[in-house]
Amino acid sequence: VLVVVAGSDRAAAVRDLVSGASGVPAARLKPEGEIVWLVDQAARDGLAPRTAQAPVVEAIAAAAPLSPTDELKRAAAEAALAEVRSGMRLGLGTGSTVRWLVEALGREIAAGRLTDLRAVPTSAATAQLGAGLRIPMSTLEDEPDLDLAIDGADEIDPALNLVKGGGGALLREKIVASAARRFVVVADDTKLVDRLLSTFPLPVEVDSFGWSTHADAIARLGGVAALRERGGEPTRTDGGHFVLDCRFGEPVADLVGLNARLKARAGVVETGLFLGMARRAYVASASGVSIREAG
Ligand code: A5P
């Protein structure tokens with residue numbers, strides 16, 4: 001689906017929408033955070049934004065039926081709300097699954113059912129969405145010890161090892177998950193795999209300086225690295241880095257070793273391998289949401 005806005009000036013378009021200047025009554029719009037999220041998602045999907053289509057935002061946001069996959073994402077995220085208690089310091093992940101959790105948190109806070117929460121976002125997109133939904137947002141400087149972090153995943157193996165980084169937020173996601181006493185994953189069942197890296201390339205976040213040297217090194221490790229691009233330009237993470245998406249033709253037997261070899265290289269900032277970090281996963285399938293525990 002999606003959306004929207006902006007000509008060349010996203011901020012102005014969001015402002016127009018939120019203020020009602022686009023012709024959509026502000027009272028009938030989603031909260032600002034949701035609009036910003038939709039706009040960002042549209043940009044990620046390469047849709048040309050047009051202010052003239054602003055009413056489409058309203059229609060999509062308010063009325064469009066969800067795809068079956070989005071229904072599952074929402075079910076998993078809303079089930080994980082059971083993990084959240086008033087007073088928690090909470091790490092909030094990034095992506096189209098966590099987005100439903102953020103929305104649900106916004107609703108719970110607005111209804112007064114969750115109080116005294118502080119949330120540390122793993123990306124600018126989540127920060128905007130959360131702030132627009134009036135979730136009190138914080139930083140690791142102010143909240144260095146998190147009770148819980150909840151995030152999505154691109155692949156989940158039976159031991160709850162993960163591949164992450166499809167949305168490019170892997171570095172901040174790993175920092176936030178590492179700062180949390182408990183790390184929980186939310187996903188639809190298409191993310192389940194027997195072996196990591198069987199369906200999804202490994203995102204590796206690298207400094208832009210000398211990025212191609214890592215591609216060469218990854219080739220020596222049996223992988224093929226593609227620089228992540230959009231519109232012919234390298235994409236940049238929130239930290240300003242490049243991402244290499246690395247496909248391995250053969251199953252990787254030693255993921256710990258691969259992670260260590262990659263991270264030993266000067267200029268490799270982080271990998272999307274989240275090994276031994278997640279304690280629990282909420283996985284939604286057509287038959288309901290199952291809870292999986294790490295071994
Ligand atoms: C963001 O960088 C990723 O790690 C996401 O958490 C992961 O890609 C899952 O995203 P979706 O929930 O959008 O599938």
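The values are calculated or read from the model by the stated rules, or taken from the named source; none is laboratory data. What you see is a predicted model, and the numbers here were worked out from it, not measured in a lab. As a convention, Cβ positions derive from the backbone with ideal geometry for all residues, glycine included, and neighbour counts pool all protein chains shown.
Checking the conditions here, which among ALA110, ALA226, ALA215 is over 25 Å from HIS241 (Cα atoms), among the small types (Gly, Ala, Ser), surrounded by fewer than 22 Cβ atoms within 10 Å (Cβ to Cβ) and more than 16 Å from the ligand (Cβ to nearest atom)? Before the answer, list the steps.
Details: ALA226 fails: over 25 Å from HIS241 (Cα atoms); ALA215 fails: over 25 Å from HIS241 (Cα atoms).
Result of the check over ALA110, ALA226, ALA215: ALA110.
Applying the selection to region 165-201, what residues are small (Gly, Ala, Ser), more than 12 Å from the ligand (Cβ to nearest atom) and either modelled with pLDDT of 95 or more or buried (at least 23 other Cβ atoms within 10 Å of the Cβ) (or both)? Write out each step before concluding.
The first filter runs over region 165-201 and keeps only residues small (Gly, Ala, Ser), leaving 165-169, 177-180, 187, 198.
Going one step further and asking which of them are more than 12 Å from the ligand (Cβ to nearest atom), we end up with 178-180, 198.
Across region 165-201, the qualifying residues are SER178, ALA179, ALA180.
Please count how many residues of region 142-164 are touching a residue at least 60 places away in the same chain (Cβ under 8 Å), assigned to a strand (DSSP E or B) and more than 14 Å from the ligand (Cβ to nearest atom).
Residues meeting the conditions: 1.
So which residues in region 243-287 are outside any loop (DSSP other than H, G, I, E, B), loosely packed, with under 13 Cβ neighbours inside 10 Å and free of Cβ contacts under 8 Å to residues at least 12 places away in the same chain, if there are any at all?
Residues of region 243-287 that are outside any loop (DSSP other than H, G, I, E, B), as a first pass: 243-248, 255-263, 268-271, 273-274, 280-285.
Those still in the list that are loosely packed, with under 13 Cβ neighbours inside 10 Å too: 256-257, 260.
Selection gives GLY257, ALA260.
For ALA225, indicate whether it is in contact with a Leu (Cβ under 6 Å, 6 or more places away or on another chain) and closer than 14 Å to PHE274 by Cβ. Before the answer, list the steps.
Values: in contact with a Leu (Cβ under 6 Å, 6 or more places away or on another chain): yes; closer than 14 Å to PHE274 by Cβ: no.
No, not satisfied.
Among (1) modelled with pLDDT of 95 or more; (2) surrounded by fewer than 23 Cβ atoms within 10 Å (Cβ to Cβ); (3) not aromatic (Phe, Trp, Tyr), there is one condition ARG220 misses while meeting the rest; what is its number?
Every listed condition holds for ARG220 apart from (1).
Residues of region 205-229 being farther than 19 Å from VAL163 by Cβ and not in a helix (DSSP H, G or I), which ones?
ASP207, SER208, PHE209, GLY210, GLU229
Mind checking which residues of region 94-106 are in contact with a Leu (Cβ under 8 Å, 6 or more places away or on another chain) and either farther than 30 Å from GLY239 by Cβ or not basic (Lys, Arg) (or both)? Write out each step before concluding.
Within region 94-106, the subset in contact with a Leu (Cβ under 8 Å, 6 or more places away or on another chain) is 98-99, 101-106.
Within region 94-106, VAL98, LEU101, VAL102, GLU103, ALA104, LEU105, GLY106 meet the criteria.
For ALA119, state whether it is modelled with pLDDT under 95, among the aliphatic types (A, V, I, L, M) and either surrounded by fewer than 24 Cβ atoms within 10 Å (Cβ to Cβ) or within 16 Å of the ligand (Cβ to nearest atom) (or both).
On the way: modelled with pLDDT under 95: no; among the aliphatic types (A, V, I, L, M): yes; either surrounded by fewer than 24 Cβ atoms within 10 Å (Cβ to Cβ) or within 16 Å of the ligand (Cβ to nearest atom) (or both): yes.
So ALA119 fails the test.
Could you please let me know if ALA124 is buried (at least 16 other Cβ atoms within 10 Å of the Cβ), modelled with pLDDT under 95, small (Gly, Ala, Ser) and away from the ligand (no atom under 11 Å from the Cβ)? Break it down into steps so the answer makes sense when it comes.
Details: buried (at least 16 other Cβ atoms within 10 Å of the Cβ): no; modelled with pLDDT under 95: yes; small (Gly, Ala, Ser): yes; away from the ligand (no atom under 11 Å from the Cβ): yes.
In short, no.
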